1. Just wondering, is there one or more residues in region 201-218 that are away from the ligand (no atom under 16 Å from the Cβ), at pLDDT 95 or above and among the hydrophobic types (A, V, I, L, M, F, W, C)?
2. Could you list, in sequence order, the residues of region 102-157 that are over 24 Å from Thr180 (Cβ atoms) and of a type in the set (Lys, Arg)?
3. Being without any contact (Cβ under 8 Å) to a residue 40 or more places away in the chain, more than 26 Å from Asn233 (Cα to Cα), out of contact with any Pro (no Cβ under 9 Å at 6 or more places or on another chain) and among the polar types (S, T, N, Q), is that true of even one residue in region 333-346?
4. Here are Glu188, Glu274: which of them is of a type in the set (D, E, K, R) and either buried (at least 19 other Cβ atoms within 10 Å of the Cβ) or more than 28 Å from Ile48 (Cβ to Cβ) (or both)?
5. Pick from Gly105, Gly142: which is of a type outside the set (Ser, Thr, Tyr), open to solvent by less than 60 Å² (accessible area, probe 1.4 Å), in contact with a helix residue (DSSP H, G or I) (Cβ under 7 Å, 6 or more places away or on another chain) and at negative phi?
6. Of the residues that make up region 277-290, is at least one touching a strand residue (DSSP E or B) at 6+ places or on another chain (Cβ under 6 Å), more than 19 Å from Leu361 (Cβ to Cβ) and aliphatic (A, V, I, L, M)?
7. Is it the case that region 333-356 has a residue that's aromatic (Phe, Trp, Tyr), surrounded by 13 or more Cβ atoms within 10 Å (Cβ to Cβ) and modelled with pLDDT under 95?
8. Looking at region 229-238, can you tell me whether even one residue there is modelled with pLDDT of 95 or more, closer than 30 Å to Ile62 by Cα, out of contact with any strand residue (DSSP E or B) (no Cβ under 6 Å at 6 or more places or on another chain) and buried (at least 22 other Cβ atoms within 10 Å of the Cβ)?
Amino acid sequence: MGWIELKNVTKRFGQVLAVDRLSLEINAGEFLTLLGPSGCGKTTVLRIIAGLEIPDEGEIKIGEKTVFSSREGIFVPPGKRDIGLVFQSYALWPHLTIFQNVAFGLQIQKINSNIIKQKVATILSYMHLQGIENRYPQELSGGQQQRVALARMLVTRPSIFLMDEPLSNLDAKLRMEMRTEIKRIHRESKATTIYVTHDQTEALTLSSLVAVMDKGRLQQIAPPLQLYKRPANLFVADFIGSPTMNFIPGKIVKKDGQFLLDAKNFFLPIPPLENLRGKRVIAAIRPEEIQILKNEEPETLSGEVYSVLPSGAETLIQVKTEENLFNIRILEEISFDIGEKVSLKLAKDSILFYDQETGNLISPMDRVNKE
Ligand code: ATP
């Protein structure tokens, strides 16, 4: 129990194609985050899995049970899917105390009242909410209410957790703490979790798998590190990472035995890519894969410092070359003057190449040097 499968799920709202032929397999115990810009269809997918929205087409299985099939005319209502839900709007019952709100799901299961007390106390302390059991929701801050909603879902230990931006109302410090708690509870409960957020840090830190969506379509599904290191297409490459990757369009050429990216006004040294010779690509490189040098060296690009943003542990620097504005991240505090002349050294082997026509990553297989 606990695994979820979506096959070719499509949902339209009038003219809007909110979810477009989405297929996903989520193993039991996985923590999958749906990530993407506003309006990409994340919430709709979650509501479809919960049974709160009926797709136009497709099939959904939870464990061995088909809970939706357009072909076979099956639709299992939300209450019969054994899932816990927390939405951004947390809808606590205003006439019940915090204790009663959290205990409600357990009381329905007719659990012994001493055990209920114990379970509620434990989950409230996990959520940093001790001492407010007898208050009413309207006597709490938005962030506290949101944590009560989380506690209410987590306490019943459903085999599937669905969460839609459950930390959106919390300040930065509390959000960090709650992420840790959610991760800990997930590890302990091993409940299959689907989490919706537009916050990439949240997605990358919490999840075992991240599914990036755009305009109702799945763009890539991968573990966080893979998503960061090898974005499958230009949309994901541009969406993941802050500051964003640096993109340089050009053509792969070979000159005097050396491979270069001919980017019109400059040549960028690249690894030997015999089979990509003559191809128009977009080279992409992360800000932390670029070094800034005070002196010119071979195989560097010259430019001048455009902006410097120190932030304690790291410094974000923009350098303007003739054609591009490069984002660079240095993992230390370092000072440069605006306008200072510098050279950039790009870590050749960390450059990814995307097909200019399709926008897709050119895989390492295609990059094999056939010389
Ligand atoms: P956000 O991060 O802003 O919550 P989202 O990625 O969760 O966005 P959805 O809420 O799933 O996106 O919406 C996907 C698309 O479907 C949007 O264009 C939205 O306007 C549309 N949509 C969602 N629900 C409805 C509805 N009930 N009626 C009409 N259109 C809807």
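The values are calculated or read from the model by the stated rules, or taken from the named source; none is laboratory data. Since this is a predicted model, take the numbers as computed values, not measurements. All Cβ positions, even for glycine, are placed from backbone atoms using ideal geometry, and neighbour counts span all protein chains on display. The area values use the complete protein model at the heavy-atom level, side chains included, leaving out ligands, DNA and RNA. Shrake-Rupley method; radii C 1.70, N 1.55, O 1.52, S 1.80 Å.
1. Checked region 201-218: at least one residue is away from the ligand (no atom under 16 Å from the Cβ), at pLDDT 95 or above and among the hydrophobic types (A, V, I, L, M, F, W, C).
2. If the condition is that a residue be over 24 Å from Thr180 (Cβ atoms) and of a type in the set (Lys, Arg), then Lys110, Lys117, Arg135 are the ones that fit.
3. Looking for residues that are without any contact (Cβ under 8 Å) to a residue 40 or more places away in the chain, more than 26 Å from Asn233 (Cα to Cα), out of contact with any Pro (no Cβ under 9 Å at 6 or more places or on another chain) and among the polar types (S, T, N, Q), one finds none in region 333-346, hence no.
4. Going through Glu188, Glu274 in turn, just one is of a type in the set (D, E, K, R) and either buried (at least 19 other Cβ atoms within 10 Å of the Cβ) or more than 28 Å from Ile48 (Cβ to Cβ) (or both): Glu274.
5. Unique residue meeting the criteria: Gly105.
6. Within region 277-290, one or more residues are touching a strand residue (DSSP E or B) at 6+ places or on another chain (Cβ under 6 Å), more than 19 Å from Leu361 (Cβ to Cβ) and aliphatic (A, V, I, L, M).
7. There is at least one residue in region 333-356 that is aromatic (Phe, Trp, Tyr), surrounded by 13 or more Cβ atoms within 10 Å (Cβ to Cβ) and modelled with pLDDT under 95.
8. Yes: region 229-238 contains one or more residues that are modelled with pLDDT of 95 or more, closer than 30 Å to Ile62 by Cα, out of contact with any strand residue (DSSP E or B) (no Cβ under 6 Å at 6 or more places or on another chain) and buried (at least 22 other Cβ atoms within 10 Å of the Cβ).
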